[in-house]
2 protein chains.
Amino acid sequence: MLSAELGFQLFEVHGAADALAHPRYGHLDRDTLEAMLQSAEALAVERFAPIAAALDETEPRMVAGRAVTAPALAPALRAYADAGFIAAGFSPEIGGLGLPTSVGTAVMAAFGSACTPAAGYVFLTAAAARVIEAFGSAPQRAQFLAPMLDGRWFGTMCLSEPHAGSSLLDAATQATRMDDGRYRIRGDKMWISGGDHDAAENIVHLVLARIVEDGRRSDALSLFIVPRIRVDGTPNGVQLTGLNRKLGHHGTTNCALSFGGAGGCFGELLGAPGRGLECMFHMMNEARIGVGTTAAATAWAAYRYSAGYALERMQGRRAADGAKARLVDHADVRRMLLTQKTIAEGGLSLCLFGACLVDRQRCATDDGTRRTTREMLEVLTPVIKAWCAERGVESNSLAIQVMGGAGYVRDHPVERLFRDQRLNPIHEGTNGILAIDLVVRKARRGAGLEPLLQAIDAEVAAALEDTAACAAARCVAQHVAAASSTLRSVLATIAADKPPQAALAFATPIALMTGDLSVAWMWLKQTRAVAALDDVRAQAKRAAALHMVTHLLPQSFGLAATVLSGAAAYDDLPPETFAEA
Amino acid sequence: MLSAELGFQLFEVHGAADALAHPRYGHLDRDTLEAMLQSAEALAVERFAPIAAALDETEPRMVAGRAVTAPALAPALRAYADAGFIAAGFSPEIGGLGLPTSVGTAVMAAFGSACTPAAGYVFLTAAAARVIEAFGSAPQRAQFLAPMLDGRWFGTMCLSEPHAGSSLLDAATQATRMDDGRYRIRGDKMWISGGDHDAAENIVHLVLARIVEDGRRSDALSLFIVPRIRVDGTPNGVQLTGLNRKLGHHGTTNCALSFGGAGGCFGELLGAPGRGLECMFHMMNEARIGVGTTAAATAWAAYRYSAGYALERMQGRRAADGAKARLVDHADVRRMLLTQKTIAEGGLSLCLFGACLVDRQRCATDDGTRRTTREMLEVLTPVIKAWCAERGVESNSLAIQVMGGAGYVRDHPVERLFRDQRLNPIHEGTNGILAIDLVVRKARRGAGLEPLLQAIDAEVAAALEDTAACAAARCVAQHVAAASSTLRSVLATIAADKPPQAALAFATPIALMTGDLSVAWMWLKQTRAVAALDDVRAQAKRAAALHMVTHLLPQSFGLAATVLSGAAAYDDLPPETFAEA
């Protein structure tokens, strides 16, 4: 049975079925999409959710130079691949189902809420295959796509290095061209998810490196395909040098890798030389929507678990009449559950909206639509990833708090989900870097955040003009309008400031405001989608929407006055401010 | 060497040495107090900090019905007891040093920042000994205090039960009086920290139970002393039935215990029958200041570690000139470090202030001072515990974020400190229950929060009249004054609302506002204490004080409008709002 929530968001709120009018989806209809989603949810519940605790308890070990994973992992990933989900988003010509990104993102939410650390391997494989599909030569596509899409070979992204985490421009791995056209790869990579494991026959690394010619290293980075096992079956000089032992996300190996050494390590250039970052960033929008989706899904899983517990667990007395109470009968517990619902369902909604924009951009028949959709996506993508991760940590912490001591122990999954979630503000661009991308690079340039703000204002106007809109929708619309206006003032203040000291200092608070406003917009969309209904579900949607604008928005927007006052940036502080006295 | 921060807070900001004028501290002078603190910090650094990682990795195991702890634990606790720290706060007549609570709290901060999970055993032992000192008969004091104060016997608090976590009034453990005056104890206890272990010769449980007479259970709860081993050396029928496997705080065992069974379990009534909760709550103020202190200390430890890392680690380029940068050179990293400093040092300051109030109450020579000090403490105690725990989780999360991937792995202590910190909003009264205590019980009754608000307003007035006050102090004072005024309006709105639906719904946001305001007050005190200085340390204090009022206050006070608008409470929502659709 299709989860009511995913189906509601996809088809009722975001009209994902509209994309089916495009010829590229001529082979699909809404029934097929719903069937796909149902089978994804069934597989996630039957094969992924049951192994989540075991993957957490059985951390990957390094044995004889290889990463050994929990025995439950490989069969689940095999089932995922066999059901066609790695290939699902690719075109039928290369064995895929040609699924719209919106539906693929809902599939991701289903698996992400069941067990993100397991799903990570196959999500990464699909992302790596996307880059090869986009930039690979015909022989590269022919050689790598088929085994990756059917899950015999998995993929990775090898970007960071021990001395260069976020600062990719400092990557030092070298690629020396050989006479046969291949490149000899030498260097160390760090923080590589799925960098080694025993769940696939081969691992296809996409490695960022500098081409060395005549002993000089290029200033620009290039991208290389570096399989762990060569096509002739011999090892390709990729050594696992360490496994990171992490707070959470135990199911996904995270590796230090060394390329080179005995026998040499060889790779093929992928895309044009010196264009490695562009090739990687081609799929970065979708990858970041993916991280946002798993973050929202991780919050969603913990919300549903803690809500189920609160509906059952007897504790204390009702304030009104002193009768024995369930946890859910206490106002403060309701506040915590409603905050979680607001974040989890609001975050899912924003991710699915972003995914629909990807489809819309792809299907656009005119340049104007394509351009405005792209502009909107460029602004929303960092917001989707950073907001879902940031508010997701809050939401997962509340799931623990609702359950009290029970939430703090490993008998229940919420402490694990909290640990897993804490990764999301860090990887695929730290939240701070994404905030700087949004505020310093995007908001201060060209149309800035106007495409987003104008779309929000248009929805507000439509809601206020809609005679069928309920009181809640009107109230939400008014709050959203006020926040949109405030954000415009904040952005104007920041834009006037050159050099961008204040923008750098306030990037994170402004990104949070932008995220809260965007998600409040999603809640306005949701109240409008249930306008004609008055069942428990519709009432709950209205309550969460009101909670969003009265409890979340006012906190982040409380900082608007600070930004508007032009308070000092942090540049004047000597670094010794933070030295131990 | 005495940590500059603890000494500054204790003596420069809060004038802890003033208490020495009282005859009860006639045997002490400031040099002695500083020497005590120095030896505490030395022991914490030499014996507690080095075992923290091992205690985390070596979780307690249940072997043959007993809890087996990490081998490093017992020797560290032995050293703590041998140095006289369990006894330090007790009067010299019973072997203590008669240390003021303020200095004892600074000692706690030193050990808490080194390894709270280890220190938990001895903190709990001192707290249990306090109850026996206050309510025990002469024979009970003679029998139990000496072995507890010298650390041969440890103590616990056995309050919660499997079906009654926060809801202590539902405790069902029975105590049946026997002919010899002892009581036969039968029942199950849950979430007992230090409930079993191998680090002391005996464990003295303080057990909350209902006296049964003529087959009828009393409505009121009584308190019993129940040693694990009887005075004659035979086991007293206390079974370890389970060890909770937790997110963090691995070093402290957390146990399910069963009292009764073969051979019987016997206890002695402690204090008057039916007054068990009052006896426990006698030490609850200090216990809650203690939890606040370990929470602030846990944030402080992670702040210092992440700041040290940021001062060393090269990453990226400076925005201003493109030169290679350290993490600390980036504005967003400075924002995260400053937020941590604000929370950690502000929280420590509030805890030490609360501890000074405990001393002031104890030394008061007139009823007026005693009463106003008690009123202030009653209001501040839940704020201290809840605020340090709540903001502490944020602060510890930021320590991870500053370090990026390195913060997420076990090579560094910040992920452990984050897991340890997450306990604090849950135990010793959940933050939600403390918020209700503050807002529904205390703020709406009698003088409410006036003692606190008046003290804050008096400090603001003094700062604004002080011609020597710096610009930062004036700016902080103005923000504090505005927040104090807003909180008064919020509390008036809540007080007018009977029955207390809105108070229950808004308790947590109002408690956070109260905490932010109280800590902003501490930062005002700190800026005043460094008014005459302009070294890096003084500048850093001023920067953190400004950060408190421009970045933390505006977020929680952003919710004031929501409370003032009298928005609906959550009572109208059907519980099915939170059921899965």
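Just so it is clear, none of the values below were taken in a lab; they were calculated from the coordinates. Because the structure is a prediction, the values reported are computed rather than measured. Cβ: placed from backbone, ideal geometry, glycine included. Neighbour counts: every protein chain shown.
Can you give the mean number of other chain Cβ atoms that lie within 10 Å of the Cβ atoms in peptide A:397-407? Provide the component values of the computation, followed by the final result.
Working: counts 6, 1, 0, 6, 9, 3, 2, 10, 12, 5, 3.
Shielding by partners across A:397-407 averages 5.
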Please compute P(r) over all alpha-carbon pairs of the stretch A:239-358, binned at 5 Å starting from zero, and give each bin as a whole-number percent.
-> 2, 9, 10, 11, 12, 13, 11, 9, 7, 5, 4, 3, 2, 1, 1, 0
If R0 is 51 Å, what FRET efficiency do you get for B:Arg488 and B:Asp321 from their C-beta distance, rounded to 0.05?
-> 0.60
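Quick check: net charge around B:Ala35, other residues with Cβ under 14 Å of its Cβ, Lys/Arg +1 and Asp/Glu -1?
Details: positive: B:Arg30; negative: B:Asp29, B:Asp31, B:Glu34, B:Glu41.
With Lys, Arg at +1 and Asp, Glu at -1, the neighbours total -3.
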How many partner chain Cβ atoms sit within 10 Å of a residue's Cβ in peptide B:298-307, on average, as a whole number?
-> 1
With a 32 Å threshold on alpha-carbon distance, the violating pairs from A:Lys189/B:Lys324; B:Lys246/B:Lys341; A:Lys442/A:Lys525; A:Lys385/B:Lys189; A:Lys385/B:Lys541 are A:Lys385/B:Lys189; A:Lys385/B:Lys541
Pairwise label distance in nanometres, B:Thr467 with A:Ala579, each label 7 Å out on the Cα-Cβ vector = 3.6 nm
Give a quick list of trypsin sites (Lys or Arg not before Pro) in the stretch B:1-89 that DSSP marks as loop, anything other than H, G, I, E or B, with at most 13 other Cβ atoms within 10 Å.
-> none
For the stretch A:307-351, what's the relative contact order in percent, using C-alpha pairs closer than 8 Å and at least 6 residues apart?
-> 27 percent
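Just to be sure I understand: if I project the alpha-carbon convex hull of the protein assembly as shown onto a plane and average over all orientations, what area do I get in nm²? Provide the component values of the computation, followed by the final result.
Details: hull surface 181.9 nm².
For the protein assembly as shown, averaging the hull's shadow over all directions gives 45.5 nm².
Quick check on the protein assembly as shown: helices-only [θ] at 222 nm, where DSSP H runs of length 4 and up contribute -39,500 (n - 2.57) each and the sum goes over total residues. Nearest 500, please.
Values: 37 runs with 584 residues, N = 1162.
Per the formula, -16500 deg cm²/dmol.
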So the angle from the long Cα axis of helix A:367-403 to the longest Cα principal axis of chain A, reported in degrees to the nearest 10, equals 70 degrees
Largest-first semi-axes in Å of the equivalent ellipsoid built from the Cα gyration tensor of the stretch A:459-581 are 37, 16, 9
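Taking the Cα centre of the protein assembly as shown as origin, work out the dipole magnitude from +1 charges on Lys and Arg Cβ and -1 charges on Asp and Glu Cβ, in debye rounded to 20. Provide the component values of the computation, followed by the final result.
Details: 110 positive and 120 negative charges, 64 e Å.
So the magnitude is around 300 debye.
Provide the net charge surrounding A:Ala114, with neighbours chosen by a C-beta distance below 10 Å and charges set as Lys +1, Arg +1, Asp -1, Glu -1. Mind showing how you got there, number by number?
Numbers: positive: A:Arg47; negative: A:Glu41, A:Glu46.
Value of the local net charge: -1.
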Name the chain B residue with the Cβ nearest the axis that maps B onto A: which is it, and what is the distance in angstrom?
-> B:Gly558, 1
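Given just the C-alpha atoms of the stretch A:509-556, how large is their convex hull per residue in cubic angstrom? Show your work: numbers first, answer last.
Working: hull volume 2.3 nm³, N = 48.
Spelled out: Cα convex hull of the stretch A:509-556, divided by residues, is 47 Å³.
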The rounded separation in angstrom of the Cα centers of the stretch A:375-443 and the stretch A:111-154 is 25 Å
Put a label point 7 Å from Cα along the Cβ direction on A:Pro162, then list its distances to the equivalent points in the other copies in nm, shortest first.
-> 5.1
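What is the local net charge at B:Ala463, summed over the other residues whose Cβ is closer than 10 Å to its Cβ (Lys, Arg +1; Asp, Glu -1)? Kindly include the intermediate steps, with their values, before the conclusion.
Details: positive: B:Arg474, B:Lys525, B:Arg528; negative: B:Glu459, B:Glu465, B:Asp466.
So the environment of B:Ala463 carries a net charge of 0.
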Expressed as a rounded percentage, what relative contact order does the stretch A:438-570 have, with Cα pairs under 8 Å and six or more residues apart?
-> 34 percent
Along the positive direction of the dipole of the stretch A:1-157 (beta-carbon charges: Lys, Arg +1; Asp, Glu -1; about the Cα centre), which of A:Gln38, A:Ala16, A:Pro92 reaches farthest?
-> A:Pro92
Inter-copy distances for B:Ala482, nm, shortest first, label points 7 Å along Cα→Cβ, are 1.7
Could you tell me how many degrees, from 0 to 90 and to the nearest 10, lie between the Cα long axis of helix B:501-529 and the main elongation axis, the longest principal axis, of the Cα atoms of chain B?
-> 60 degrees
Cβ-vector label at 7 Å, B:Ala531, separations to other copies in nm | 6.0
In a Debye calculation with equal point scatterers on the alpha-carbon sites of chain B and no solvent, what is log10 I(q)/I(0) at q = 0.05, 0.06, 0.07 Å⁻¹?
-> -0.21, -0.31, -0.42
